[in-house]
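K.L.:
Quick one: this structure, given as C-alpha cells, is what I'll be asking you about.
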Amino acid sequence: MFLGRIRIFPIKSLDGLDVNEAKITSGGILENDRIYAIFDEKGAVVNGKRTARIHQLRCEFDGGVNEVRLWENSAPVQFCLDAPEPMNEWLSGFLGFPVALKHDPKAGFPDDLTAFGPTIVSEASLRAVQEWYPGIELESIRRRFRTNLELSGGEAFCEDRLFGAPEELKTFWIGEVKFRGHNPCQRCVVPTRDADSGEAVAGFQKKFMEMRKQALPEWSDARRFNHFYRFAVNTSILEEEAGKRLRTGDFVRL
C-alpha cells in the first residue's frame, strides 16, 4: 500500500484541498488541516453535524492557505484569513446567526481529542462503498467521508489493518512518519447527506451498517465494532514526528 492522495480541510466542515505533501505540526496534525473553525456566540462549533446548511457553502483556498473564496449560488467573495472580520460578517449572513472564525495552527480543531491525527482510508474501500449506492459517484463518496489520507494499491478495507485489538495502539509508518492507529472511525450524520446540497439519502446509515458487517475482512477485529457505522481509521502522531513530511507515493509499513 502507498499514499495515493492527501486532502486537508483548512476550515473545519468546509471543502477540502488536495496537496502533494504535508508537514506534521508539533500538535500532531497535518499542516493547515482544520486549523480554522466556525463558532457561534456561545462558543459552540458550527459544522455539518449541526446544520445541513453548511453543505451548501463552497470554498476555494489559495496555495498558501492565506486567502479563501466563498460562495453559494452567487459570485465568489474573497477573504483574507488573517483578517477574519469581513468573513465573519459574510458567514453570519449566510448561516442566519452570528459566528466567528477561530484559528489554531498547531493543534487545529479535531473532533477526537485523543485520536487527533489524520484519518486514513483506501481508494479500494471508497470504491466498495460506492458500489453499495448506485447513482452516487466515487467523488461524492469521498467528499461525504472527508478523510485526510487515501491509500492506493490495497484491497477493500485494507486500512482495517492499521488498528489492533481493544486498548491497543497499533504502530505503523507512512514514509518517514510514525503513526498510532486507534480505532475504526465512528461516523456521524454527515456522510448520509449530499456534499453539495445537504440532501439526505434515505436509509443510508442502515444500508451502510448491513453492508459493512457483510464485507468485514478477516483481518479486521470485530471486537472494535460496537456497531458497523464505522469507516476509515482514527490515528494520532507523537510530537517527536513534528517537521517530518508525508508525500504522495510514500509506502505504508506495518
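K.L.:
Filter segment 222-246 down to residues that are closer than 25 Å to Glu155 by Cβ, among the charged types (D, E, K, R) and either free of Cβ contacts under 8 Å to residues at least 40 places away in the same chain or surrounded by fewer than 16 Cβ atoms within 10 Å (Cβ to Cβ) (or both), then give me how many there are.
P.N.:
Within segment 222-246, residues that are closer than 25 Å to Glu155 by Cβ, among the charged types (D, E, K, R) and either free of Cβ contacts under 8 Å to residues at least 40 places away in the same chain or surrounded by fewer than 16 Cβ atoms within 10 Å (Cβ to Cβ) (or both) number 1.
K.L.:
Ok, one more. Can you tell me which residue in segment 50-92 is surrounded by the most Cβ atoms within 10 Å (Cβ to Cβ), limited to those that are under 27 Å from Ala200 (Cβ atoms) and of a type in the set (Asp, Glu)?
P.N.:
Filtering first and then ranking leaves Glu60.
K.L.:
Got a sec? Which of Arg180, Arg143, Arg187, Arg161 is touching a Pro at 6+ places or on another chain (Cβ under 9 Å) and of a type in the set (Lys, Arg)? Walk me through how you get there before you give the answer.
P.N.:
Details: Arg180 fails: touching a Pro at 6+ places or on another chain (Cβ under 9 Å); Arg143 fails: touching a Pro at 6+ places or on another chain (Cβ under 9 Å); Arg187 fails: touching a Pro at 6+ places or on another chain (Cβ under 9 Å).
One residue alone meets the criteria, Arg161.
K.L.:
Then there's this: Can you find a residue that is in contact (Cβ under 8 Å) with a residue 40 or more places away in the chain, among the β-branched types (Val, Ile, Thr) and open to solvent by 30 Å² or more (accessible area, probe 1.4 Å) anywhere in segment 37-49?
P.N.:
yes
K.L.:
Against the definition (in contact (Cβ under 8 Å) with a residue 60 or more places away in the chain and in a loop (DSSP other than H, G, I, E, B)), how does Gly64 come out, yes or no?
P.N.:
On the way: in contact (Cβ under 8 Å) with a residue 60 or more places away in the chain: no; in a loop (DSSP other than H, G, I, E, B): yes.
Spelling it out, it is not the case that Gly64 is in contact (Cβ under 8 Å) with a residue 60 or more places away in the chain and in a loop (DSSP other than H, G, I, E, B).
K.L.:
Can you pull out the residues in segment 116-153 that are out of contact with any Cys (no Cβ under 8 Å at 6 or more places or on another chain), modelled with pLDDT of 95 or more and of a type in the set (Gly, Ala, Ser)? Give the derivation first.
P.N.:
Just the residues of segment 116-153 that are out of contact with any Cys (no Cβ under 8 Å at 6 or more places or on another chain), to begin with: 116-118, 120-121, 123, 126-150, 152-153.
Remaining after also requiring modelled with pLDDT of 95 or more: 116-118, 120-121, 123, 126-133, 136-150, 152-153.
Gly117, Ala128, Ser140, Ser152, Gly153 - these are the residues of segment 116-153 that are out of contact with any Cys (no Cβ under 8 Å at 6 or more places or on another chain), modelled with pLDDT of 95 or more and of a type in the set (Gly, Ala, Ser).
K.L.:
Continuing with the same structure: Can you tell me which of Glu137, Glu131 is free of Cβ contacts under 8 Å to residues at least 12 places away in the same chain and farther than 22 Å from Gln214 by Cβ? Spell out the reasoning first.
P.N.:
Working: Glu131 fails: farther than 22 Å from Gln214 by Cβ.
None of the others qualify; the one that does is Glu137.
K.L.:
Against the definition (closer than 30 Å to Phe157 by Cβ and not charged (D, E, K, R)), how does Met1 come out, yes or no?
P.N.:
Details: closer than 30 Å to Phe157 by Cβ: yes; not charged (D, E, K, R): yes.
When the stated conditions are applied, Met1 passes them.
K.L.:
Now, a different point. Considering only residues that are assigned to a loop (DSSP other than H, G, I, E, B), of a type outside the set (D, E, K, R) and in contact (Cβ under 8 Å) with a residue 60 or more places away in the chain, look in segment 11-26 and name the one that is most open to solvent (accessible area, probe 1.4 Å).
P.N.:
Step one: list which residues in segment 11-26 are assigned to a loop (DSSP other than H, G, I, E, B), which gives 12-16, 20, 25-26.
Checking which are of a type outside the set (D, E, K, R) leaves us with 13-14, 16, 20, 25-26.
Right, trim to in contact (Cβ under 8 Å) with a residue 60 or more places away in the chain and you get 16, 20, 25-26.
Details: Gly16: 35, Asn20: 120, Thr25: 19, Ser26: 55 Å².
So the residue we want is Asn20.
Rundown of residues vs (1) at pLDDT below 95; (2) within 30 Å of Glu239 (Cβ to Cβ); (3) not charged (D, E, K, R), yes/no style:
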| position | (1), (2), (3) |
| --- | --- |
| Gly27 | no, yes, yes |
| Asn32 | no, yes, yes |
| Ala37 | no, yes, yes |
| Lys42 | no, no, no |
| Val45 | no, yes, yes |
| His55 | no, no, yes |
| Arg58 | no, no, no |
| Gly64 | yes, yes, yes |
| Asn73 | yes, no, yes |
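K.L.:
Counting only residues that are open to solvent by less than 20 Å² (accessible area, probe 1.4 Å) and in contact with a strand residue (DSSP E or B) (Cβ under 8 Å, 6 or more places away or on another chain), which one in segment 192-212 is nearest to Arg146 (Cα to Cα)?
P.N.:
Going residue by residue through segment 192-212, those that are open to solvent by less than 20 Å² (accessible area, probe 1.4 Å) are 192, 195, 198, 204, 208, 212.
Filter once more, so that each one left must be in contact with a strand residue (DSSP E or B) (Cβ under 8 Å, 6 or more places away or on another chain): 192, 208, 212.
Numbers: Thr192: 12, Phe208: 16, Arg212: 18 Å.
If we take residues in segment 192-212 being open to solvent by less than 20 Å² (accessible area, probe 1.4 Å) and in contact with a strand residue (DSSP E or B) (Cβ under 8 Å, 6 or more places away or on another chain), then Thr192 is nearest to Arg146 (Cα to Cα).
K.L.:
Within segment 195-207, does at least one residue satisfy the condition of being outside any loop (DSSP other than H, G, I, E, B) and of a type in the set (Gly, Ala, Ser)? Please lay out each step first, then the result.
P.N.:
The first filter runs over segment 195-207 and keeps only residues outside any loop (DSSP other than H, G, I, E, B), leaving 200, 204-207.
Then keep just the ones that are of a type in the set (Gly, Ala, Ser); that gives 200.
Within segment 195-207 (the criterion being outside any loop (DSSP other than H, G, I, E, B) and of a type in the set (Gly, Ala, Ser)), the answer is yes, since at least one residue qualifies.
K.L.:
Applying the selection to segment 93-110, what residues are over 20 Å from Gly63 (Cα atoms) and either among the acidic types (Asp, Glu) or open to solvent by less than 30 Å² (accessible area, probe 1.4 Å) (or both)?
P.N.:
Residues satisfying the conditions are Phe94, Leu95, Val99.
The values are calculated or read from the model by the stated rules, or taken from the named source; none is laboratory data. Owing to the predicted nature of the structure, the values given are computational and were not obtained by experimental measurement. With ideal geometry, Cβ positions are generated from the backbone for all residues, glycine too; neighbour counts draw on all protein chains shown. Keep in mind that these areas ignore ligands, DNA and RNA; they rest on the heavy atoms of the full protein, side chains included. Shrake-Rupley method; radii C 1.70, N 1.55, O 1.52, S 1.80 Å.
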